[in-house]
1. Note the full-extension length gain between I259 and N114 as 0.36 nm times their separation in residues minus their Cα-Cα distance, in nm to one decimal.
2. Quick one: which of 281-289, 97-105 comes out on top by average Cβ neighbours within 10 Å, and what's the full order, highest first?
3. Would you kindly derive the ³J(HN,Hα) couplings of the range 11-25 from the backbone phi angles with the Karplus curve 6.51 cos²θ - 1.76 cosθ + 1.60 (θ = phi - 60°), listing them in order in whole Hz, with x for Gly and Pro?
4. Among 164-172, 10-18, 213-221, 106-114, how do they line up from the highest to the lowest mean number of other beta-carbon atoms within 10 Å?
5. Express the accessible area of the range 215-255 per residue in Å², computed with a 1.4 Å probe while the remaining protein chains stay in the model.
6. Once neighbouring chains are kept in place and the probe is 1.4 Å, which whole percent of the accessible area of the range 42-168 is contributed by carbon and sulfur?
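The values are calculated or read from the model by the stated rules, or taken from the named source; none is laboratory data. The structure displayed is predicted, hence computed values, not measured ones. Glycine also receives a Cβ, built like all others from the backbone with ideal geometry; neighbour counts cover every protein chain displayed. The area values use the complete protein model at the heavy-atom level, side chains included, leaving out ligands, DNA and RNA. Shrake-Rupley method; radii C 1.70, N 1.55, O 1.52, S 1.80 Å.
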Amino acid sequence: MLILKQLILGLLLPAAVGGGILILAKSITSKKESTPKEGLAPEWLVAVALSAGYIVGYLGLEGLPPFPPREGVHWLCYLAIIGLTSGAFCYSSLLGRLIAQIGLSIVIPRLLLNSAFKYTWGPLEGIIWWACIAVAIFIFWHIVQQNFTILPTDASSLFVYFGLSGGTALILALSGSLRLAQHAGILVAIFAASWIITLVGQHSESKKQVFSISASPVVALIFAGIWMNGYFYEEVPAASAILLTIALFLAPIGRIERIQQLGARRSTIIQIGIIALPVVIAIGIAVARSGLFGENSGY
């Protein structure tokens, strides 16, 4: 019964909530193209779909998070809320967006890794880790933001994040963190449902991409929160964590003229395949590290 409850509340319900709001966003986009008018911004609803879907899954798995959070995993729910709120700055101004990105990139590591700052790192070591993680979050957030325009369609973007969240869930499970793997599984369910919905509707009259930079804070902060918990509080191999982080950096390869000359379909396949390569290698390292097929290799 517990497994069935986790399946429904941690996978099916988040997929239904996120998918339902995404359908609404696409419907509004189609109507605005035919009869432009003021109202809900579909781009904002996409951020709502991702955030609401994750929060529903979090509550299904964990219940209400304590405030202030006592563990790193407790911050994941709040990161979804913070990501949704900061998405509003994506439409205010470039300056407002940069202030939000810089501020959150600095604050979040200190909050989520509070116990490491207190009990593991010395003052100098803590400052070095803090600076490095803050820069990594800022750059990763920027890359996520770019990928919604670099990747040619909503379907390709969603498939990439579906694969990235799936690889994250598998690596966490292999590293012995089933709790965090379930949280990555929430993202798998949301992106899978969104991808299917987008594929079904991709032949509709609307050609506008609904996913935009407004969704990037939710995606970037939730992934960053799960990865930081996995690396600093669990047994995720360092190499796997690094490879997951840099996977999206390979997306711009699709803009190379030689690859674009192959045609839209082939260039998209190559682009997704190159992004998937470090994720596959990261999974292989986690398998070797887990000792699943033999002696622990000690990565």
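1. Values: separation 145, 0.36 × 145 = 52.20 nm, distance 4.49 nm.
Length gained, I259 through N114: 47.7 nm.
2. Values: 281-289: 20.0, 97-105: 18.1.
Listed from highest to lowest mean packing, they are 281-289, 97-105.
3. 10, 5, 5, x, 5, 5, 5, x, x, x, 5, 5, 4, 4, 4
4. Values: 164-172: 24.0, 10-18: 21.2, 213-221: 26.7, 106-114: 18.6.
The packing order, highest mean first, is 213-221, 164-172, 10-18, 106-114.
5. Working: 1270 Å² over 41 residues.
The answer is 31 Å² per residue.
6. On the way: 4070 of 5460 Å².
Exposed carbon and sulfur together represent 75 percent of the surface.
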